[in-house]
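Since the structure comes first, as structure tokens, the remarks are kept for the end.
The values are calculated or read from the model by the stated rules, or taken from the named source; none is laboratory data. Everything quoted here is computed from the prediction, not taken from an experiment. Quick reminder, even Gly has a Cβ in these numbers, built from the backbone with ideal geometry, and neighbours come from all protein chains shown. The area values use the complete protein model at the heavy-atom level, side chains included, leaving out ligands, DNA and RNA. Shrake-Rupley method; radii C 1.70, N 1.55, O 1.52, S 1.80 Å.
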Amino acid sequence: MLPETELVILAGGQALRMQGKNKLLQQFDTQIQLVKIYQAFNAEVTQVWVNSHRDHAIYQKIQPNIKCFSDENSGFEGPLIGMQTAWKYVSADYILFVPCDITVIPTLIYQSLHQALIQNSASLVAYVEINNHGLYPFCLIKRTAVKVIEEHVSQKKLSLKRCFDALNATVVKVNQPTVYFHSINSELELTQYQNALSI
């Protein structure tokens with residue numbers, strides 16, 4: 001049996017390259033992103049949270065069981081701020097973080113991330129690598145990582161990669177040859193992704 005875990009969907013960015021559209025409420029493929037992520041993990045986690053500075057009422061109308069929180073500061077300084085803030089709300093000792101703009105969610109990835117931490121006991125975080133590209137915001141973190149995360153944030157060292165190096169990160173590698181984008185960062189990428197799906 002895997003440890004109690006809560007899910008935090010990271011949606012705290014400004015989405016400037018998407019003209020400010022809320023990516024969590026967009027439909028990249030067959031479902032709205034919020035619904036796709038919620039349905040993928042809801043049966044495995046004890047609570048689903050959205051880390052976002054807007055649209056909390058809309059999220060909860062779509063999925064009433066969702067809880068929401070905003071970053072402690074409003075500077076849009078990146079996902080590490082959301083990860084730091086999350087531990088002030090979550091009661092579980094493990095958080096699965098998922099970026100709001102994920103395209104394909106790998107099969108059994110929740111179990112794979114937990115197994116990676118079990119097998120690498122010195123690691124405080126396990127993150128996903130898709131087709132040799134590190135998707136650092138897609139990760140499982142232990143509560144014992146909080147001190148290091150707080151130190152990095154207080155020193156304005158906001159790189160996930162550098163922070164994860166300090167947490168002795170382990171990697172779960174996924175190969176999905178048909179995936180052209182593991183996440184969507186612009187209108188152009190969304191168009192290219194949707195065109196690829198229609199082929």
Q.
List the residues, sorted by chain then number, that are 5 or more residues from V8 or on another chain and whose placed amide H is less than 5 Å from its amide H.
A. W49, L96, F97, V98
Q: Would you please state which residues of the range 21-53 a label at N65 would reach in this model, taking the label point 7 Å out along Cα→Cβ and a backbone N cut-off of under 16 Å?
A: 34-50
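If you take the square roots of the eigenvalues of the alpha-carbon gyration tensor of the range 34-122 and sort them as a ≥ b ≥ c, do you get rounded (a/c under 1.5), prolate (a/b over b/c) or oblate?
Values: a/c = 1.78, a/b = 1.28, b/c = 1.40.
Here the range 34-122 falls in the oblate category.
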Q.
Through the Karplus equation 6.51 cos²θ - 1.76 cosθ + 1.60, θ set to phi - 60°, convert the phi angles of the range 122-138 into ³J(HN,Hα) values in whole Hz; use x for Gly and Pro.
A. 7, 7, 9, 8, 10, 10, 9, 10, 10, 6, 6, 10, x, 10, 4, x, 9
Q) So if R0 is 30 Å, what FRET efficiency would M1 and Q27 give, r being the distance between their Cβ atoms, rounded to the nearest 0.05? A) 0.30
Q | Karplus-derived HN-Hα couplings along the range 59-73 (A = 6.51, B = -1.76, C = 1.60, θ = phi - 60°), whole Hz, x at Gly and Pro | A | 4, 6, 6, 6, 9, x, 7, 6, 10, 10, 8, 9, 4, 5, 10
Q | Violating pairs (Cα-Cα greater than 31 angstrom) within the set K61/K147; K61/K156; K21/K67; K67/K142; K67/K157; K61/K157 | A | K61/K147; K61/K156; K61/K157
Q | the range 44-199 - percent relative contact order, Cα under 8 Å, separation 6 or more | A | 23
Q.
Please compute the length gained on full extension between R54 and E72, using 0.36 nm multiplied by the number of residues separating them and subtracting their Cα-Cα distance.
A. 5.1 nm
Q: In nm, give the distance between the simple-model label positions of N168 and D93, each being 7 Å from the Cα along the Cα-to-Cβ direction.
A: 1.6
Q: Determine the relative contact order of the range 77-154: mean sequence separation of Cα pairs under 8 Å and six or more apart, normalised by residue count, in whole percent.
A: 39
(Q) Solvent-accessible area of H114, probe 1.4 Å, all protein chains present, reported in Å² to the nearest ten, please. (A) 0
Q: Pull up the DSSP beta bridges for the chain and report the antiparallel fraction as a percent, rounded to 5.
A: 40
Q. Can you run phi through the Karplus equation (6.51, -1.76, 1.60; θ = phi - 60°) for the range 24-30 and list ³J(HN,Hα) in whole Hz, with x for Gly and Pro?
A. 5, 9, 8, 10, 6, 9, 8
Q: Mind checking the per residue accessible area of the range 84-161 for me, 1.4 Å probe, whole number of Å²?
A: 42
